[in-house]
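This report refers to the structure that appears directly beneath it.
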Amino acid sequence: MSTRKHKVLPKAEILIEALPWLTRHHGKTVVIKFGGNAMVDEELKAAFAQDVVFLRHAGLKPVVVHGGGPQISAHLDRLGLVSEFKAGLRVTTDEAMDVVRMVLAGQVQRELVGLLNRHGPLAVGMTGEDAHTMTATKRYAELDGERVDIGRVGEITEVDTGAIQALLDDGRIPVISSIARSADDGHVYNINADTAAAALAAALGAETLIVLTDVEGLYADWPNSDDVISQLTASELEKLLPELASGMVPKMEGCLYAVRNGVNTARVLDGRVQHSILLEIFTDEGIGTMILPDKGERE
Ligand SMILES: Nc1ncnc2c1ncn2[C@@H]1O[C@H](COP(=O)(O)OP(=O)(O)O)[C@@H](O)[C@H]1O
Ligand SMILES: CC(=O)N[C@@H](CCC(=O)OP(=O)(O)O)C(=O)O
């Protein structure tokens, strides 16, 4: 009897630890960005799907926005097309845009939908083009103060959350690829997936934006040290932005945008750690980096 109690009690304690978090997050929308670099391992992808389905059954409304940078680069390579990044954004020729759309919507999104739907008829894939969910205009990169043409890369000008809301109201899990149509020229544009996730989180009035990536969080002095900043405010992050490099730039700009536009917290988590989403949402042990609105702007 006592051995049994010994074994069962810790499990019950874990469940009870989740109670205040379950209450707090019930019915809330959570936008989760799954980065291409965190999507390389089969077990991790399956664990990610389990976490998202768990959130849904725990009464939250998860929305998945996915990247696929490495997968796009691999496909371009196979076709003998060069990929080049400027200011963290892929220079996207018309030809490359076809590949971006095919890989994101036809490969990466399909795979995630398949993994989620192992647990039931929950996930529905779409791109920002569907039902005019995301509208974009051509974006230029800023390099040493110069405006540089990077082809079919877009910035979001408008978000229509109608289709996503309808899916959420129907109990589904929307899985969204970061592509948007332009109202100016009718073309489709390549949107950085962190930027898309942040814009959607703000437009949906999400409680939280979770960005899964391939590092532990925001390093204070990358690449010299692996000290992770566990928490910072929007103003503190704004000061750090000019020092950031590569993929962290759109990620942190996105987090800043989200918390400045009504999202209560933005979190960058290590997607290489299995079940990092569950640990973050339902336990007292926060991991990764949390960005909060400035005092006075918090709910
Ligand atoms: N201060 C920083 N803290 C953490 N990572 C950083 C920092 N500055 C730059 N990076 C780089 O940003 C990368 C994450 O961005 P990215 O490669 O675009 O990932 P994802 O595919 O998940 O969007 C990290 O792997 C790291 O190389
Ligand atoms: C404009 C731009 O750079 N778009 C990205 C879209 C995918 C993405 O953002 O994927 P990750 O989240 O895995 O980096 C690209 O073409 O790679």
Accessible area of the stretch 230-299 belonging to carbon and sulfur atoms, whole % at 1.4 Å probe: 50 percent
With every protein chain in place, the stretch 8-148: carbon and sulfur % of accessible area (1.4 Å): 55 percent
Global geometry of the stretch 86-130, whether rounded, prolate or oblate, following the gyration tensor of its Cα atoms and the 1.5 cut on a/c: prolate
Taking N as its residue count, the alpha carbon Rg of the chain over 2.2 N^0.38 Å: 1.00
Accessible area per residue, Å², the chain with all protein chains present, probe 1.4 Å: 48 Å²
Cα pair distances of the stretch 1-113 binned at 10 Å [whole percent]: 12, 30, 25, 17, 10, 5, 1
Inter-centroid distance (Cα atoms) of the stretch 69-107 relative to the stretch 154-169, Å: 24 Å
Whichever lysines have a C-alpha closer than 19 Å to that of LYS251, once near sequence neighbours (fewer than 8 apart) are set aside: LYS33, LYS86, LYS239
Within the chain: Cβ-based charge dipole about Cα centre, in debye rounded to nearest 20 (Lys, Arg +1; Asp, Glu -1): 1140 debye
Debye intensity ratio I(q)/I(0), log10, the stretch 1-63, q values 0.14, 0.25, 0.26 Å⁻¹ (C-alpha model): -0.59, -1.01, -1.04
Cβ-based charge dipole, the chain, positive-most Cα from GLY162, GLY120, ALA46: GLY120
Those trypsin sites (Lys or Arg not before Pro) in the stretch 20-80 that DSSP places in a loop and that have at most 11 other beta carbons within 10 Å: none
Residues in the stretch 262-299 that a label on ALA220 would reach, taking backbone N under 20 Å of a point 7 Å out along Cα→Cβ: 267-270, 286-292
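The values are calculated or read from the model by the stated rules, or taken from the named source; none is laboratory data. Quick caveat, the model's predicted, so the values are computed rather than measured. When we count neighbours, we look across all protein chains shown, and the Cβ atoms used for this are built from the backbone with ideal geometry, even at glycine. We work out accessible area using only protein heavy atoms, side chains counted, and drop any ligands, DNA or RNA first. Shrake-Rupley method; radii C 1.70, N 1.55, O 1.52, S 1.80 Å.
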